[in-house]
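Colleague: This is the structure, below, for whatever I ask next.
The values are calculated or read from the model by the stated rules, or taken from the named source; none is laboratory data. All figures in this text were calculated on a predicted structure; none of them were measured in a lab. Ideal geometry is used to build each Cβ from the backbone, glycine not excepted, and the neighbour counts take in all protein chains shown.
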Amino acid sequence: MINGSILEPALSGALSVILPTAEETLLLRACLSSGAAARRAWEEWQSRRNDSGTAFLAENQSVKKLGLLVFDALRRSGLEVDKESQTYLRSAYLKEELRSKIFGRIFREILMMLGNEGIPTLVLKGAALAETVYDNPVLRHCHDIDILIRNQDMSRAATLLSSIGFKQVNPKSAPGSDDCNLEHESGLPLELHTRLFKAVYYNAPLTELWERSQKCFIAGVRARILTPADNLLHVCGHAFYSPSRQSLRWVCDAWFIIERHRDLNWDLLLNCAVRSHLALPLSVTLGYLVQELNAPIPSGFLERLSAAASKSKVIERELALLGAHSSTTESFMNLFRNVNNWRERVFLIRWVLFPSPSYLVLVEKVRRSWLLPFHYVYRLLRYAKVRFRSRFEGPIRRIRWRIDRLFVRINFRIP
C-alpha cells in the first residue's frame with residue numbers, strides 16, 4: 001500500500017529490491033528533509049548504525065554515497081557529528097568543488113564546439129540537473145557527461161570533439177551507432193546518445209522530446225534540457241536497469257525534480273510512462289519516494305499510475321524483472337523472497353525457465369521463430385547446470401582437496 005489507499009501493482013515486491021535499504025533511507029531523509037525532521041532521521045540512523053562501533057563516517061558505505069548531501073545537511077539542519085567526520089566531509093566537499101570547476105570548463109568547450117557547428121544537443125542526467133534543481137551544483141557529483149544528439153550528427157560530433165581533447169573509447173564501433181563513448185585527456189567520460197534509453201523497448205518518441213525541450217544556462221552556456229516530466233521519467237527509468245542506481249543519485253535527482261517543480265505536468269508524465277512501457281518501473285520508484293521520503297506527488301496521479309502499471313503486458317513485467325536482476329547483488333532468490341503471493345512466484349519461475357517469445361527476441365536476440373523450442377531446451381539445461389554447480393561445487397572442491405592430499409602423502413611415502 002502507498003499512503004494506505006493505493007494498491008501496489010503485481011511484482012512490486014520483487015521489484016523493490018532496486019530500492020534503497022532501510023539504513024540508506026534514513027540517511028536520505030536526513031539529507032533531503034530540513035530542520036527537526038532531518039535531525040530525527042539523523043538520530044535514528046545513528047542509533048541503528050552497525051559499523052563495528054566506530055563513529056567515523058568515512059567508514060560507512062551509505063555516507064560514501066551521500067557524503068556531499070550529508071555535509072550540506074550538517075550546515076542546513078545542524079546535524080551533530082564528531083570533528084574527525086566533519087573534517088572528512090568538508091574535505092570531500094572542497095575536493096568536489098575543485099573538480100566541478102574543471103568539469104564546467106570542459107563542459108563549456110563541448111557545448112560551444114557543438115553549438116558553433118550547428119549540432120543540436122540535449123543535456124541529460126547529472127549535468128542538466130546539477131544547475132537546475134539542486135541548490136548548489138557542487139552537491140550533485142557528475143561522474144560523466146551525457147548528451148543526446150540526433151543520429152545523423154553522431155559521426156560529425158565524434159570527429160569534432162577530438163579537436164578539444166576527446167578520443168573514442170570504443171573506436172571499433174561505428175560512429176553512427178546509438179551510443180558513442182569518449183574520454184577527455186583529463187579522464188572525464190563523455191557519452192553521446194541518440195535515444196533516451198539503451199533498451200529500445202523503453203524509448204519515448206524523440207521528436208516530441210526535442211520539441212518540448214527547454215532552454216537554460218549550464219556552465220554559463222545556453223543549452224537545452226528535457227522538461228521536468230521527461231527528466232523524471234528518464235531518471236527513474238534509467239535507475240531501473242542500470243547498476244549505477246546503487247549510488248543513490250537517482251533518488252536525490254528524482255526528489256529534487258519533484259520538489260523544485262511543484263507544477264510538474266503529471267498528465268504528460270503518465271502518458272509518456274504508458275507509451276514508453278515504463279508504468280510498472282515508475283510506480284515502484286515514485287511509490288518509494290512518496291512512502292519513504294514524503295515527496296509531494298499528487299495521490300490522484302499515483303492512483304492512475306498504479307492502475308496503468310497493473311495492466312502491464314507480460315513482456316513489460318519480464319523486462320522490469322530483468323532490470324531488477326541486472327545488479328550483481330540481486331540474485332534470483334532475492335527476487336523470489338520478495339514476491340507477495342503464489343501467482344507472482346509462478347510468474348517469476350516461468351520468467352526464469354520459459355520467458356515469452358517476445359522476451360527472447362528482444363533480450364536474447366533469437367531471430368528465427370523455429371529456433372524458439374530449441375532455445376527453451378537450452379535455457380533449461382543451462383539453468384540445471386548452474387543449479388548443479390552451485391549445489392555441488394563446494395562438496396566437489398572438498399573431495400578434490402582430499403584426493404590431492406592423499407596423493408601428496410602417497411608420493412612422500414614412495415622411496
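Colleague: Scan segment 17-42 for residues that are assigned to a helix (DSSP H, G or I), small (Gly, Ala, Ser) and more than 19 Å from the chain's Cα centre (by Cα) and jot them down.
Modeller: ALA30, GLY35, ALA36, ALA37, ALA38, ALA41
Colleague: Next up: Determine which single condition PHE240 fails, assuming it passes every other condition in (1) assigned to a helix (DSSP H, G or I); (2) touching a residue at least 60 places away in the same chain (Cβ under 8 Å); (3) of a type in the set (A, V, I, L, M, F, W, C); (4) out of contact with any Pro (no Cβ under 6 Å at 6 or more places or on another chain).
Modeller: (4)
Colleague: Hey, another quick one. Taking LEU98 and the conditions (1) outside any loop (DSSP other than H, G, I, E, B); (2) touching a strand residue (DSSP E or B) at 6+ places or on another chain (Cβ under 7 Å), which numbered condition does it fall short on, given that it satisfies the others?
Modeller: (2)
Colleague: Please determine, by comparing only the residues of segment 253-289 that are of a type in the set (Val, Ile, Thr) and under 17 Å from the mean Cα position of the chain (by Cα), which one is farthest from SER310 (Cα to Cα).
Modeller: Among those residues, the one meeting the criterion is ILE257.
Colleague: Now a separate question. Looking at the structure I just gave you, is GLU96 of a type in the set (D, E, K, R), under 24 Å from ILE147 (Cα atoms) and either surrounded by 15 or more Cβ atoms within 10 Å (Cβ to Cβ) or not assigned by TED's automatic domain parsing to the domain that holds ASP253 (or both)?
Modeller: It is true that GLU96 is of a type in the set (D, E, K, R), under 24 Å from ILE147 (Cα atoms) and either surrounded by 15 or more Cβ atoms within 10 Å (Cβ to Cβ) or not assigned by TED's automatic domain parsing to the domain that holds ASP253 (or both).
Colleague: Filter segment 130-152 down to residues that are touching a Gly at 6+ places or on another chain (Cβ under 9 Å), crowded, with 19+ Cβ neighbours inside 10 Å and in a helix (DSSP H, G or I), then give me how many there are.
Modeller: Residues meeting the conditions: 1.
Colleague: Something else now. Report whether or not PHE103 is of a type in the set (Phe, Trp, Tyr), in the same structural domain as ARG222 (by TED's automatic domain parsing) and either on the phi > 0 side of the Ramachandran plot or touching a helix residue (DSSP H, G or I) at 6+ places or on another chain (Cβ under 7 Å) (or both).
Modeller: Criteria not met by PHE103.
Colleague: Pairs please, first residue from segment 38-50 and in the same structural domain as LEU79 (by TED's automatic domain parsing), second anywhere and assigned to a helix (DSSP H, G or I) and hydroxyl-bearing (Ser, Thr, Tyr), Cβ atoms under 6 Å, 6+ apart in sequence or on different chains.
Modeller: Going by the 6 Å Cβ cut-off, the qualifying pairs are ALA38/SER77; ARG39/SER77.
Colleague: Residue check: is GLY126 within 30 Å of ALA73 (Cβ to Cβ) and under 18 Å from the mean Cα position of the chain (by Cα)?
Modeller: Taking the combined requirement at face value, the residue satisfies it.
Colleague: Restricting segment 186-212 to residues that are assigned to a helix (DSSP H, G or I) and within 22 Å of PHE107 (Cβ to Cβ), which is nearest to the chain's Cα centre (by Cα)?
Modeller: Filtering segment 186-212 for residues that are assigned to a helix (DSSP H, G or I) and within 22 Å of PHE107 (Cβ to Cβ), the one nearest to the chain's Cα centre (by Cα) comes out as LEU209.
Colleague: Just the residues that are within 24 Å of ARG39 (Cα to Cα), touching a residue at least 40 places away in the same chain (Cβ under 8 Å) and aliphatic (A, V, I, L, M), please, taken from segment 65-112.
Modeller: Hits for segment 65-112 are LEU66, LEU68, LEU69, VAL70, ALA73, LEU79.
Colleague: Please determine whether any residue of segment 254-271 is part of a loop (DSSP other than H, G, I, E, B), assigned by TED's automatic domain parsing to the domain that holds PRO205 and under 22 Å from LEU27 (Cβ atoms).
Modeller: No: segment 254-271 contains no residue that is part of a loop (DSSP other than H, G, I, E, B), assigned by TED's automatic domain parsing to the domain that holds PRO205 and under 22 Å from LEU27 (Cβ atoms).
Colleague: Does segment 69-87 contain at least one residue that is closer than 26 Å to SER242 by Cα and surrounded by 14 or more Cβ atoms within 10 Å (Cβ to Cβ)?
Modeller: Within segment 69-87, one or more residues are closer than 26 Å to SER242 by Cα and surrounded by 14 or more Cβ atoms within 10 Å (Cβ to Cβ).
Colleague: Moving on. Among the hydroxyl-bearing types (Ser, Thr, Tyr) and touching a Pro at 6+ places or on another chain (Cβ under 9 Å): does that describe SER283?
Modeller: Judged against the criteria, SER283 is a match.
Colleague: Shifting gears a bit: Hey, could you check segment 153-162 for residues that are aliphatic (A, V, I, L, M) and farther than 11 Å from LEU190 by Cβ and say which is surrounded by the most Cβ atoms within 10 Å (Cβ to Cβ)?
Modeller: MET154
For (1) more than 12 Å from PRO9 (Cα to Cα); (2) outside the structural domain of ALA38 (by TED's automatic domain parsing); (3) without any contact (Cβ under 8 Å) to a residue 40 or more places away in the chain; (4) not in a loop (DSSP other than H, G, I, E, B), each residue gets a yes or a no:
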position: VAL284; (1), (2), (3), (4): no, no, no, yes
position: TYR288; (1), (2), (3), (4): yes, no, no, yes
position: GLU292; (1), (2), (3), (4): yes, no, no, yes
position: ILE297; (1), (2), (3), (4): yes, no, yes, no
position: PHE301; (1), (2), (3), (4): yes, no, yes, yes
position: ALA309; (1), (2), (3), (4): no, no, no, yes
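Colleague: Anything in segment 355-375 that is closer than 14 Å to VAL200 by Cα and among the β-branched types (Val, Ile, Thr)? List them, or say none.
Modeller: Residues satisfying the conditions are VAL361, VAL363.
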